[in-house]
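Contents: one structure, followed by commentary.
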Protein chains: 2
Amino acid sequence: MSGPSGVGKTSIIHSMLDRLGAAFSVSATTRPQSDKERHGVDYFFISKDEFQRWVDAGRFLEYAQVFGRNWYGTPRDAVEEQLGQGKVVVLDIDVQGAAQVKRSMPDAFFIFILPPSDAELLRRLRDRGRDDADSIERRHAEARKEIGFAHESGVYDAFVVNDDLARATNEVESLVRARIASGPASIASRRR
Amino acid sequence: MSGPSGVGKTSIIHSMLDRLGAAFSVSATTRPQSDKERHGVDYFFISKDEFQRWVDAGRFLEYAQVFGRNWYGTPRDAVEEQLGQGKVVVLDIDVQGAAQVKRSMPDAFFIFILPPSDAELLRRLRDRGRDDADSIERRHAEARKEIGFAHESGVYDAFVVNDDLARATNEVESLVRARIASGPASIASRRR
């Protein structure tokens with residue numbers, strides 16, 4: 001699942017974990033751990049050297065540098081283990097990462113959460129009260145760029161607009177259930 | 001429901017009518033009737049004068065001129081009557097028309113069907129064998145423009161990629177059912 005900061009993606013993911021009994025893929029990151037965050041639950045907090053060793057060992061399903069500073073990656077082992085147990089695994093991932101995952105897992109289901117409008121996205125970023133004006137401006141610019149990339153990427157199976165959180169959550173849940181029920185893609189569609 | 005020519009929208013709509021017991025909104029048009037088409041089933045085929053009288057009488061929920069020649073419109077009466085009977089009513093409509101419908105029916109559910117890629121869209125337009133090279137080129141250019149408009153319009157609640165028809169149909173059905181189950185938007189989301 002992808003979507004810009006402030007779009008409500010985290011809330012939707014939490015509902016998915018509850019409703020679908022899904023597993024959340026915990027990412028590894030080189031960014032500092034905040035007081036509220038727990039190692040192994042919110043992220044695996046590792047050093048840049050450690051991160052590089054994981055890259056070299058092919059331990060990431062995808063990884064990327066965000067805002068040109070910190071590294072984030074999805075450890076491959078945990079995802080494959082939980083898929084092997086028949087679980088739905090949810091990744092909170094950016095467009096660049098989703099494109100990487102699609103290369104190794106073309107049958108994964110890719111959903112992008114959209115804000116109802118650009119003005120509403122800016123309002124939500126401000127309302128979070130979490131960032132200063134510069135950060136809000138940077139996040140807003142990043143969000144616009146990410147939405148453009150998402151549309152052009154050809155990665156996503158569906159885009160859901162979060163105008164109303166309860167509705168958007170129901171829509172995402174129903175899409176995931178429909179995909180599970182549909183099974184793998186028919187052979188005719190694999191010619192691409 | 002909207003989507004460019006060749007994206008498989010008509011197939012998805014037919015499945016929706018079957019699966020949801022939905023009613024199809026029959027459009028009025030000034031374009032010539034083909035041999036295969038039936039008046040009142042595929043379209044209401046009316047003259048330009050008649051069309052103008054319907055416009056003046058406010059009988060259209062939306063109307064537009066397509067490719068600068070023919071007029072198409074959604075008669076308001078039939079839609080409101082079927083909604084009044086508790087039916088789901090499906091409109092096959094372009095972005096311009098969807099934006100008009102949204103103004104009078106903000107709680108309608110707007111889905112846009114996307115091709116998996118631009119190359120695949122062009123391939124499907126060619127494979128239909130219905131148009132000459134010029135028409136294909138024009139439809140392809142129109143499709144690209146319409147997809148761009150759709151993303152920027154802020155009209156759509158969801159975008160579903162038709163990579164695999166069976167999957168996309170299941171996804172659209174599940175979205176409509178989720179929206180029906182969700183009921184009207186919560187008050188918090190109506191501040192826009």
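FYI, it's all coordinate maths here, none of it is from the lab. Since we're looking at a predicted model, the values are computed, not measured. Here the Cβ positions follow ideal geometry from the backbone for every residue, glycine too, while neighbour counts run over all protein chains shown.
I'm checking a number: the convex hull volume of the Cα atoms of the range B:62-155, normalised per residue, in Å³. What is it?
125 Å³
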Calculated label separations, A:Gly58, copies of the chain, 7 Å along the beta-carbon direction, nm
6.9
Pick out, from A:Pro75, A:Thr30, A:Gly86, the residue whose Cα sits farthest towards the positive end of the charge dipole of the range A:25-87, with +1 on the Cβ of Lys and Arg and -1 on the Cβ of Asp and Glu.
A:Thr30
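Can you pull the mean other chain C-beta count within 10 Å for peptide A:108-116? Could the numbers behind the result be given before it?
Numbers: counts 0, 2, 1, 1, 1, 0, 6, 1, 5.
Mean partner shielding for this stretch: 2.
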Sorted from shortest, what are the nm distances separating the label point of A:Asp118 from equivalent points in the other copies, each placed 7 Å from Cα along Cα to C-beta?
2.0
If you build the convex hull over the alpha carbons only and average its shadow over all orientations, what do you get for chain B? Give it in nm² to one decimal.
11.7 nm²
Within a Gaussian network of chain A (alpha carbon springs, distance under 10 Å), most fluctuating of A:Lys48, A:Lys36, A:Lys102
A:Lys36
Ratio of alpha-carbon Rg to the 2.2 N^0.38 Å globular estimate for the range B:23-87, to two decimals, please.
1.12
Just tell me how shielded B:9-22 is by partners: mean number of partner chain Cβ atoms within 10 Å of each residue's Cβ, no decimals.
0
Compactness of the range B:129-174, expressed as Rg and Dmax over alpha-carbon positions, Å:
13.7, 37
Measure off 7 Å from each Cα along the Cα-to-Cβ vector at A:Asp131 and B:Asp42, then give the distance between these two points in nanometres to one decimal.
5.2 nm
Across A:Ala108, A:Ala178, A:Ala99, the residue with the highest GNM fluctuation in chain A (Cα network, 10 Å cutoff) is A:Ala178
In whole Å, what three semi-axes, largest first, describe the equivalent ellipsoid of the range B:85-125 built from its Cα gyration tensor (square root of 5 times each eigenvalue)?
27, 12, 8
Fraction in percent of alpha-carbon pairs per bin - 10 Å, the protein assembly as shown:
4, 21, 31, 24, 13, 5, 2, 0
Of B:Lys48/B:Lys87; B:Lys9/B:Lys36; A:Lys87/B:Lys9; A:Lys9/B:Lys87; A:Lys102/B:Lys102, pairs whose Cα-Cα distance is over 27 Å:
B:Lys48/B:Lys87; A:Lys87/B:Lys9; A:Lys9/B:Lys87; A:Lys102/B:Lys102
When a footprinting reagent is the concern and you count Cβ atoms within 10 Å, what order do A:Glu62, B:Glu171 take, fewest first?
A:Glu62, B:Glu171
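For the range B:112-182, which trypsin sites (Lys or Arg not before Pro) pass both filters: DSSP loop (anything but H, G, I, E, B) and at most 14 other C-beta atoms within 10 Å? Mind showing how you got there, number by number?
On the way: sites: B:Arg123, B:Arg124, B:Arg126, B:Arg128, B:Arg130, B:Arg138, B:Arg139, B:Arg144, B:Lys145, B:Arg167, B:Arg177, B:Arg179; in loops: B:Arg128, B:Arg130.
Here the sparse-neighbourhood loop sites are B:Arg128, B:Arg130.
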Would you mind ranking B:Leu122, B:Leu114 so that the residue whose beta carbon has the fewest other beta carbons within 10 Å leads the list?
B:Leu122, B:Leu114
P(r) weight above 13 Å for the range A:1-46, C-alpha pairs, percent
63 percent
Per-copy distances of the A:Met105 label point, shortest first, in nm (7 angstrom along Cα→Cβ)
3.8
